[in-house]
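Structure record follows, encoded as structure tokens.
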Amino acid sequence: MKEYRSSNLISDPSGIHVFFCRCSKNEDSHVHDFSEIVYVCSGRARQTVNDWEYEVCRGDLIFINVGSVHRFSPIEDFSYVNLCFDPRVIVDRVLTEENAFAVLQLTAFDELRRENDEHPVCFSGEEARRVEDVLFGILGEYSSHRAFRSTVIESLMNVLLVTILRKLVPDSADAPNDVFRELSEFIRTNPGENHSLVSIAKKCFYNPSYFSRVFKEKFGVSFTEYVNRCRIDRAVVLLGDPALSVDAVADASGFGSRSSFYRVFTRLVGMTPSEWRQREREKNK
């Protein structure tokens, strides 16, 4: 599988790399350490992102997050604009407290999105023409050497991203809470994943300190504490299986070492994992 790196592809001061492509053959699966926006200009294709497949056509806009495995399989006369960018473009120029939840919806996690939410953002009619004007405006400036080129690209990029966010902002006032509920459920049911504050904040385009503050406002505990509690809940279930060693339980619960597992378990449960297991055995007798 091919792997593309921003250090080799994105050298422009604007922090983006953009191109137009006509595609007549299947694309190889690949992954990259930057984000990507693909807008379908014509034709149809099968888009696969992390083993989830759907059909796309003109007006569809696909957001591909850092680390997602993806590829296209053209069906007919397929062309698209591809905009690759460093995630800091959003953090530095677009992210505000007003649109933070919409950004979270856009970038949250491919694993988090429900199947009926996986379809790309769709534009049609006059709305599609405006999006295309912005994209081809970015493409034209990117290929030029005109004065204030970077400023124009940044402005058009901001217009594009805000247009996408407007499309994603739900009518429900409870939507921000719904997004965080999905996030918390994902963490709770996948405690063994890498849920470090930095890794998740980066994937969501959030500054770690900002993400931590918003998370604590929603859940009343820090992000790290929430993850630890979810992992200990999982560990308590696994300790009930006598076939699993304590080290195996620690690993399956997402702890990097036996010592950190013992330390967190003792603090939250009030006894060591071995003591808890022994107590449960005596109860069962």
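Select from ALA250, TYR262, PHE219 the residue farthest towards the positive end of the dipole of the range 172-285; place +1 on Cβ of Lys and Arg, -1 on Cβ of Asp and Glu, and compute about the Cα centre.
TYR262
Please express the shape of the range 172-285 as an equivalent ellipsoid: the semi-axes are the square roots of 5 times the eigenvalues of the C-alpha gyration tensor, given largest first in whole angstrom.
The answer is 30, 14, 12 Å, longest axis first.
So, R0 is 41 Å and r is the distance between the beta-carbons of ILE75 and PHE219; what FRET efficiency does that work out to, to 0.05? Can you show the working numbers first?
Values: r = 44 Å, r/R0 = 1.08.
Calculated value: 0.40.
List PHE34, PHE219 from most exposed to least, where exposure is judged by having the fewest other Cβ atoms within 10 Å.
Ranking PHE34, PHE219 by Cβ neighbours within 10 Å, fewest first, gives PHE219, PHE34.
Round to a whole angstrom and tell me the spacing of the C-alpha centers of the range 218-285 and the range 1-63.
What the calculation gives is 42 Å, centre to centre.
On a full-extension model of 0.36 nm per residue, what is the gain between LYS167 and TYR4, subtracting their alpha-carbon distance, rounded to one decimal in nm? Each step should come with its number before you reach the end.
Values: separation 163, 0.36 × 163 = 58.68 nm, distance 2.90 nm.
Net length gain for the segment: 55.8 nm.
Quick check: residue separation of ARG181 and ASP12 times 0.36 nm, minus the Cα distance between them. What number comes out in nm?
On the way: separation 169, 0.36 × 169 = 60.84 nm, distance 3.78 nm.
Fully extending the segment from ARG181 to ASP12 adds 57.1 nm.
Rounded to the nearest 20 Debye, what is the dipole magnitude of the range 172-285 about its Cα centre when Lys and Arg each give +1 and Asp and Glu each give -1 at the C-beta?
On the way: 18 positive and 14 negative charges, 66 e Å.
Charge dipole, the range 172-285, about its Cα centre: 320 debye, nearest 20.
I'd like the FRET efficiency for LEU268 and GLU127, computed as 1/(1 + (r/R0)^6) with the beta carbon distance as r and R0 of 51 Å, rounded to 0.05.
Working: r = 50 Å, r/R0 = 0.99.
In this case the efficiency is close to 0.50.
Just so you know, all these numbers are worked out from the coordinates, no wet-lab data involved. Just so we're clear, the structure is a prediction, and the values are computed from it rather than from any experiment. Counting neighbours? That spans all protein chains shown, and the Cβs are built from the backbone with ideal geometry, glycine included.
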